[in-house]
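Here is the structure we will look at, set down as structure tokens.
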Amino acid sequence: MKFASATAVSPFLSRAFAWAAEHELTNWAGNLKYGTERLYTATSHEDVQRFVKTNNQFKVLGTRHCFNEIANTASQFLSLRSQDKVVGLDAQAQTVTIEAGMSYGQLCPYLDHLSFALHNLASLPHISVAGACSTATHGSGAKNGNLSTQVSALELVTASGDVLKLSRDKDGDTFCGAVVALGALGVITKITLDLQPTFTMRQYVYEDLPLDQLKQHFDAIEASAYSVSLFTDWQKQRVNEVWLKTRTDAELKFEAKPEFFGAKLATKNLHPIAQLSPENCTEQMGVPGPWYARLPHFRMGFMPSAGKELQSEYFVPRQHAVDAILAVERLRDVVSPHLLISEIRTIAADDLWMSTAYKHDSVAIHFTWKQDWPAVSKVLPEIERELTPFNPRPHWGKLFTMRPPQLRSRYARLPEFVTLARKLDPQGKFRNHFLERNIFS
């Protein structure tokens, strides 16, 4: 576990990897203790190949931000944490190739320094690029695909120890099956991302958006900025906070008026969870800054969200957004006692087989819970039942109670994904209980 010492470059990372000193391997929030503390850190690409060839069962351990068992194993973990370099940047093609251990927090300042940017980011930059793309992690924006849609090529070490290279241009449909791979196809060692010219942004927050305004003007609200996040505790018939992230180079400039669909412009920086300090959050109040310092909600080097928490998230087709939101709102008295905050975001459709936005412009309803799994485990089935008419897809890396047959029915290309996985990993080297239950059974 000596690699953890190299991560002690910020207060957050120091705290996040406290398990190395405590001899207990847990996920980021501490709600999940992993099934083994056996952790091998690869020091080179050849080292990864040797490890894969000589081990019959293992999982790759990333930045440990998943709240469920998708990355767990009782056998052994492989860490690519030290494989965190930029392999190359092609300015003409506007792509960057990186090693799989790199986080967004490492990559983004490098890109911005060279006048490039990614189209979107998740709410926190601490996560690894490969892990985020493998689980269809996302940001927000009516026209913005999730982070997986940035991937234009990737390199895998398959179960045999061989190297497989796939690209959007050359491998078409197979590539679409391999990007959101859930860790089931092999060990990602390199990943290539699409870039665009760098840009700057401003962030504004409005308070107390009436629910009636959201019902009547949902599309207009979501289209009002490059990225829009709605935070609510489902109480008092209102959205607590509206976070608007606007590009300074947008053709239609956002004018920060005192009122936004009945919500009031905030006069100070805010945290999505009202009781917490906004110090951890990215700059607001319309102060211009680089894209990577505005698209996330939380700053690198600081604890994101509440830290000690649980998370769930459900995706429904955008056409059902308002009805789905109202369905959850009807459960307010069931949800709120166990909730820290909810966030509502939009994601553009894509063609990635196992993506939660496959073929559907989507709305994501996210729940940040108090860390009380016995209570939350009773609430989730009620939420899933209310959302059933809209065929919800749960986030692959967060908590849900949906039965496997129901989950599998949401993915038209799942049989082909299973076929691809069995071709690349016939003995199930990369599978675990989560994947066997939810994908392969």
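All of the numbers you see were taken from the coordinates with simple rules; none came from a lab. Nothing here was measured: the structure is a model prediction, and the numbers come from that model. Backbone-built Cβ (ideal geometry, glycine too); neighbour counts: all protein chains shown.
Here is how the numbers come out for the structure above:
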{"item": "Cα-based Rg of the chain normalised by 2.2 N^0.38 Å, two decimals", "result": "0.93"}
{"item": "Dipole magnitude (debye, nearest 20) for region 200-403, charges at Cβ of Lys, Arg, Asp, Glu", "result": "260"}
{"item": "Centre separation in Å (Cα based) which lies between region 99-130 and region 45-83", "result": "21"}
{"item": "Debye, to nearest 20: dipole size of region 86-197, +1 on Lys, Arg Cβ, -1 on Asp, Glu Cβ", "result": "160"}
{"item": "Residue among G141, L156, L185 farthest towards the positive dipole end of region 86-197, charges placed on Cβ", "result": "G141"}
{"item": "Qualifying aspartates and glutamates (Cα of each under 15 Å from Cα of K236; at least 8 residues distant if same chain)", "result": "E207, D208, D212, E329, D333"}
{"item": "Computed lengthening from A74 to S160, 0.36 nm per intervening residue step minus Cα-Cα distance", "result": "28.8 nm"}
{"item": "Contour minus Cα-Cα distance for R403 and L265 (0.36 nm per residue)", "result": "45.4 nm"}
{"item": "Environment charge at H297 (Cβ cut-off 10 Å; Lys +1, Arg +1, Asp -1, Glu -1)", "result": "+2"}
{"item": "Potential lengthening between V287 and S115 on full extension [0.36 nm per residue; Cα-Cα distance subtracted]", "result": "59.9 nm"}
{"item": "Cβ charges +1 (Lys, Arg) and -1 (Asp, Glu), total dipole of the chain, debye", "result": "720"}
{"item": "Top positive-direction residue, dipole computed over the chain with Cβ charges, set L107, V205, M402", "result": "M402"}
{"item": "Region 171-225-region 232-305 distance, computed between alpha-carbon centres (Å)", "result": "17"}
{"item": "Top positive-direction residue, dipole computed over region 200-403 with Cβ charges, set V363, F315, S277", "result": "S277"}
{"item": "Using a Förster distance of 41 Å, the FRET efficiency for Q427-V322 (Cβ separation, nearest 0.05)", "result": "0.30"}
{"item": "Fraction of the pair-distance distribution of region 78-172 above 24 Å, Cα-Cα pairs, percent", "result": "20"}
